[in-house]
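Here's the structure, in structure tokens; my notes come after.
The values are calculated or read from the model by the stated rules, or taken from the named source; none is laboratory data. Computed from a predicted structure; not experimentally measured. Note that we place each Cβ from the backbone using ideal geometry, even for glycine, and neighbour counts take in every protein chain shown. Ligands, DNA and RNA are stripped out before the accessible areas are found, and what is left, the full protein with its side chains, is counted by its heavy atoms. Shrake-Rupley method; radii C 1.70, N 1.55, O 1.52, S 1.80 Å.
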Amino acid sequence: MTVTEKILARASGKDRVQPGEVGFVSVDKLMMHDVSGPGVIKVLNEWEKKGKKLDHIWDPEKVWIAEDHFVPNADKVSAENIMTLSRWSKRFGVTKHFKYGLGQYGICHTLSHEEALVLPGQVYVAGDSHTNTTGALGAFAAGLGHTDIAYVLMYGEIWLKVPETLLFKITGTKPNYVMAKDIILKIIGDIGTEGANYKTMQFSGDVVERMSMDERLTLTNMTTEAGAKNGIIEPDSVTESYLRERTTAPYSKILGDSDAKFSEIFHYEIDKLEPTVAKPFSPGNTTAARELQQVEVDRVYIGSCTGAKFEDLQAAAKILKGKKVKVRTEVLPAAQSIYLKVVNQGLANIFIEAGALVGPPTCGACCGAHMGVLGEGEICVSTTNRNFPGRMGDVKSKTYLASPLVAAASALRGKITDPRDILE
Amino acid sequence: MTSIRGKVHKFESSNIDTDVIVPGQYLKIHDPKELAKHAMEGIDPEFPKKVSAGDFMVCGNNFGCGSSREHAPIALSTVGIKAILAPSFARIFYRNAIDGGYLLPIEIEPETLSKIRDKDVLEINLSQNKIMNITNNESYKMVPFPDLVSQIVEAGGLIYYRDGKKR
């Protein structure tokens with residue numbers, strides 16, 4: 001069995017599971033945030049009105065709450081949603097509620113690894129499609145909607161179809177101007193935005209083995225954009241040392257069997273991979289950054305769970321150091337702990353001296369919520385994950401998805417720029 | 001609910017995503033009637049005015065991709081859509097539609113897509129996994145629901161399935 005199959009077998013109390021099998025699995029961790037949470041609570045309230053007993057939830061210790069989409073409160077409605085979440089977590093004794101302005105908080109998928117809230121071998125479900133991100137820790141991590149999350153909150157289990165696994169073996173020597181973002185955009189460009197529908201995307205190979213956790217998280221994060229049910233990387237020494245710095249909680253690593261069956265194996269040799277960009281209006285609409293050097297941009301957005309981890313911001317700072325941005329540029333670290341490092345290690349100075357705005361952690365404009373949404377016709381290079389029509393604002397705005405290196409280089413020239421043209 | 005009849009609203013394109021079905025700025029809204037006003041706003045802001053209760057949508061591949069927002073099936077079902085027919089669905093949209101009991105995601109064969117026209121009247125027979133096109137007298141296959149999914153559909157949603165009773 002593959003690592004995903006072994007985790008699901010464990011969680012369904014079986015010795016073996018086969019791809020295609022449909023059944024219930026027990027859940028180890030659950031998260032909801034200020035967009036999904038109020039929807040979930042509404043579903044629970046409706047069930048309660050219809051006679052469901054709701055004096056407690058399945059396990060408050062296994063549940064955590066993030067405030068990330070419309071925070072700091074964008075308006076009255078957002079404020080009410082945050083108040084609804086706060087009342088709910090108090091009522092049901094959920095203590096892991098990461099409140100903005102009150103210590104550590106940030107984008108939910110960033111907190112899940114920064115705070116080691118999910119561990120290898122666990123089944124983690126959350127009310128957000130980019131839940132796949134957390135699979136980089138060697139967990140089964142998948143997104144669900146309101147009704148499913150409400151159901152897990154009551155019963156601690158959910159039905160799933162065991163997915164087939166696509167294996168992506170990434171080998172070679174990664175050029176220093178290439179980031180995990182370029183690799184995953186290249187893959188999505190090749191297999192398409194439904195290339196992994198209902199399936200698992202697993203990553204291996206010497207490039208992945210040498211990758212830091214921050215970079216691995218970019219790979220799994222973007223599996224959502226190929227339609228994958230989950231993305232996963234088998235836990236190894238990188239995973240262990242990452243977790244050692246963050247938690248003392250015990251876990252047992254689950255690895256795939258040596259005779260695991262994959263429905264397809266894709267080999268990527270990346271020595272010659274170029275910085276890659278996804279053009280509007282699909283993450284699968286990819287091309288080399290150099291093909292787009294005539295495209296003038298209005299904005300650069302360096303943010304989100306995909307592209308505002310600490311190493312993403314280090315990469316951007318490497319480009320921006322001692323230079324000035326030509327177009328409006330926002331840098332929004334993905335969690336407060338990252339923000340603090342950005343300040344302590346001098347990155348904030350680099351960004352601000354370059355003329356960029358440094359703001360608080362939030363999903364912000366990535367999902368068109370607030371904090372820099374795009375107007376009609378505006379063109380943005382963004383380190384985020386989606387560029388559907390209207391994703392970051394007006395339906396006639398255009399988002400080009402890119403790595404933090406490409407985004408920062410583009411900020412300096414006001415045109416889409418290959419980082420080699422700045423660094424070399 | 002073995003057989004349902006409705007008029008088709010056809011959207012040719014593939015990968016119609018949830019950012020188009022309910023744009024991100026409305027995610028803070030949780031009132032179904034308010035959400036329904038914005039159903040499909042990213043493609044056709046007039047859409048809510050065109051739909052009558054019980055209508056169907058026929059769409060390209062990978063319908064409902066992108067964000068996990070349950071706002072999407074809630075908006076579509078509140079506006080009156082009873083079933084969406086497409087060659088494939090994004091997984092979270094599919095689950096939300098079934099588990100919330102909002103509407104039926106019906107998988108059709110890829111070649112069926114071009115045979116169904118805007119405003120055709122269809123009759124979907126769930127017990128026979130068959131779709132009749134009343135307008136042109138054709139019939140098409142639907143991909144049967146897996147057993148568990150079929151039982152959840154029959155119950156009217158995941159919570160009703162759990163309780164062993166119908167909505």
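Okay, here's what the table says:
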item	result
B:LEU148-B:GLU12 pseudo-label distance in nm [points 7 Å out on the Cα-to-Cβ vector]	3.9
Above-threshold pairs, the threshold being 32 Å between Cα atoms, out of A:LYS29/A:LYS415; A:LYS90/A:LYS199; A:LYS29/A:LYS309	A:LYS29/A:LYS415; A:LYS90/A:LYS199
Within 10 Å of each Cβ in A:384-390, the average number of Cβ atoms from other chains	5
Above-threshold pairs, the threshold being 23 Å between Cα atoms, out of A:LYS6/A:LYS161; A:LYS14/A:LYS253; A:LYS229/A:LYS272; A:LYS14/A:LYS169; A:LYS53/B:LYS28; A:LYS169/A:LYS229	A:LYS229/A:LYS272; A:LYS14/A:LYS169; A:LYS53/B:LYS28
Residue-normalised accessible area of the stretch B:3-163, given per residue in Å² at a 1.4 Å probe	36
For the protein assembly as shown, convex hull volume per residue from C-alpha positions, Å³	141
A:ASP59/B:LYS37 FRET efficiency (R0 45 Å; Cβ-Cβ; nearest 0.05)	0.75
Amide N proximity, the stretch A:84-125 versus A:SER252 label position 7 Å along Cα-to-Cβ, cut-off under 14 Å	A:120-123
A:ASP206/B:SER139 FRET efficiency (R0 41 Å; Cβ-Cβ; nearest 0.05)	0.15
Interchain or long-range residues, amide H under 5 Å from B:LYS130's placed H	B:ASN125, B:MET142
About the Cα centre, charge dipole magnitude for the protein assembly as shown (Lys/Arg +1, Asp/Glu -1 at Cβ), debye	1000
Highest-fluctuation residue, A:GLY156, A:GLY375, A:GLY195 considered, GNM on chain A with Cα pairs under 10 Å	A:GLY375
GluC sites (Glu not before Pro) within the stretch A:177-277: DSSP coil, no more than 15 neighbouring Cβ in 10 Å	A:GLU245
Normalised convex hull volume, the stretch A:208-336, alpha-carbon set, Å³ per residue	177
Environment charge of B:HIS71, counting only residues whose C-beta is closer than 14 Å and scoring Lys/Arg +1, Asp/Glu -1	-3
Loop-exposed GluC sites (Glu not before Pro) per DSSP, neighbour cap 15 Cβ within 10 angstrom, longest uninterrupted part of chain B	B:47-167
Spatially proximal lysines relative to B:LYS49 (Cα-Cα < 19 Å; intrachain offsets below 8 disregarded)	B:LYS7, B:LYS10, B:LYS33, B:LYS37, B:LYS82, B:LYS119
